[in-house]
Amino acid sequence: MKKNLSILLSIMMIVGILLTACAPKATEAPAAATEAPAAAAPAEDTTVSMVPAKPGAPFDIKGKTVCYIIPSLANPFLNGVATSVTEKFKADGVVVNVYGADEGGLNQQFDQIENCISMKSDFMYVMAAGEFDPLVPAVEQAKKAGIMVMGVPPLRLEPFDAIMHTSQKEDGQKVAKMACDYINAVYPDAADGSVETAIIGGASSSVGMNLRHQGYLTFTEICPKGKLVIDMDIPTDSIPAGQAAAENALTAHPNIKVFIGQSTAHAQGIANAIKALPNVNAAEYGVFAGDMDPSMIPVVTSCEDPYKGFVAIGGTSLDQATYDQVKKMLQGVEHPNIINDVLEPITCDFSTLK
């Protein structure tokens, strides 16, 4: 009997943990969360070494195939880069097959890597839909099959041939500063702690996004006029998810004027929610994101939309940097094993909003 009860209690505990982990989280008192001891930052590989050219390089790359694996085809930033890279390689006679993991996440990506191995692809570009650890066995299989693999953006170089590295915490800090600069410009006479602000992110989705979220939280330290009233953790990175989260946030806190979003997809959704408000004045709202969709640059810099700033990871030419790196690796010429992404803030001119 005791054994059966013990088993039952164990099952109930596991179910409880799983339900807690899967539920969307909205923190109403973010300041309390920042009082807890900060977790140790994970080790990151950032020191660049040059990989020497292979004998006989440069190789002819016409007819080569690249598997380009990203978390989501619905993400405008990721899909935009993938489309541009595909077009650039078309001129070289290289076929780029783009795969999204919109339906199955990491499990789907594991299968995609195995399929690319079966297809005898020459190169794989892999951006994990979460943590990279579950994909490492598949990446190692690909390397044993003689396929070069570039990881984007893991914290560590191994087991990849090369990685594109993003300092996610720095990214988050730059977004926090943009949001604060906006508040200081548009609400110069606001009392301290009076401009309500929301974070809509995905801190629990990966180590990288957790680091970006840590950067977002520096908003509470650098922006006296701001007041962080809600910190939402949503697992889905899409425009509809961002819009739904913003609608919920505005229902609970109608006076929110500033939103910090995890991604450009979230930011676009948040902006849609704001524009649906009655008698809205876009100048009174600022939405900021940790990455970009190149097609949104004119919208953001116009100052006519609530979406007013983002960080361009890799600058505004990430597609070119990605293409250049993959091409060098296919050609076998000298190339860096680590590319540390430039983080370029892009905003509208806040002074025009006064």
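The values are calculated or read from the model by the stated rules, or taken from the named source; none is laboratory data. Note that the structure is predicted; figures quoted are calculated from it, not measured. Cβ coordinates were reconstructed from backbone atoms using ideal geometry, including for glycine residues, and neighbour counts include every protein chain displayed. When the accessible area is computed, the model is the full protein with side chains, heavy atoms only, and any ligands, DNA or RNA have been set aside. Shrake-Rupley method; radii C 1.70, N 1.55, O 1.52, S 1.80 Å.
A few notes on this one:
- The chain, accessible surface, carbon-and-sulfur percent (1.4 angstrom probe): 56 percent
- GNM remark for the chain: springs join alpha carbons under 10 Å apart, and the peak mean-square fluctuation among P159, P52, P224 falls on P52.
- Most mobile of G290, G104, G151 in a GNM of the chain (Cα contacts under 10 Å): G104
- Near the amide H of G309, within less than 5 Å, lie the amide hydrogens of V287, A289, all on another chain or at least 5 residues away, with H placed in the peptide plane.
- The chain: mean projected area of Cα convex hull, nm²: 21.2 nm²
- Residues with amide H under 5 Å from that of Y68, placed H, sequence gap 5 or more: N97, V98, Y99, Y125
- Euclidean distance of C-alpha centroids, segment 225-304 and segment 195-214, integer Å: 14 Å
- Segment 240-312 shape via C-alpha gyration tensor axes, a/c threshold 1.5: oblate
- Per residue, the convex hull volume that the Cα atoms of segment 162-281 enclose (Å³): 101 Å³
- Computed from Cα atoms alone, the Kirkwood hydrodynamic radius reported for segment 215-354 is 16.5 Å.
- Helix 207-216 vs. the chain, principal-axis angle (Cα, 0 to 90°, nearest 10): 30 degrees
- Segment 298-349 shape via C-alpha gyration tensor axes, a/c threshold 1.5: prolate
- Mean accessible surface per residue for segment 234-347, computed with a 1.4 Å probe while every protein chain stays in place, in Å²: 35 Å²
- Folded to 0 to 90 degrees: helix 264-275 orientation relative to the chain principal axis, Cα: 30 degrees
- At 1.306 mPa s and 10 °C, Stokes diffusion of segment 57-146 via Kirkwood alpha-carbon radius, µm² per second: 118 µm²/s
- The long axis of helix 239-252 is offset from the longest Cα principal axis of the chain by roughly 20 degrees.
- For K120, the lysines whose Cα comes closer than 24 Å to its Cα, not counting residues fewer than 8 places off in the same chain, are K54, K62, K64, K88, K90, K143, K144, K327, K328.
- Mean residue ellipticity (222 nm) of the chain, computed from DSSP H runs ≥ 4 via -39,500 (n - 2.57), nearest 500: -12500 deg cm²/dmol
- Net charge dipole size for segment 79-236 [Lys, Arg +1 and Asp, Glu -1 on Cβ; Debye, nearest 20]: 300 debye
- Average accessible area per residue (Å²) across segment 70-206 - probe 1.4 Å, nucleic acids and ligands excluded: 40 Å²
- Kirkwood-type hydrodynamic radius, segment 143-214: 15.0 Å, calculated from all non-identical alpha-carbon pairs.
- Across segment 291-302, rounded Karplus estimates of 3J(HN,Hα) from the backbone phi angles (6.51 cos²θ - 1.76 cosθ + 1.60, θ = phi - 60°) give 8, 9, 10, x, 5, 8, 4, x, 5, 5, 6, 6 Hz, Gly and Pro being marked x.
- Within a Gaussian network of the chain (alpha carbon springs, distance under 10 Å), most fluctuating of P154, P240, P55: P55
- Under Karplus coefficients 6.51, -1.76 and 1.60, residue-wise ³J(HN,Hα) of segment 57-74 in Hz, glycine/proline x: 5, x, 8, 6, 9, 4, x, 6, 10, 10, 9, 10, 10, 10, x, 8, 7, 7
- Partners of K177 within straight-line reach, counting lysines whose Cα lies under 20 Å from its Cα and excluding those fewer than 8 residues away in the same chain: K169, K225, K227, K257, K308, K354.
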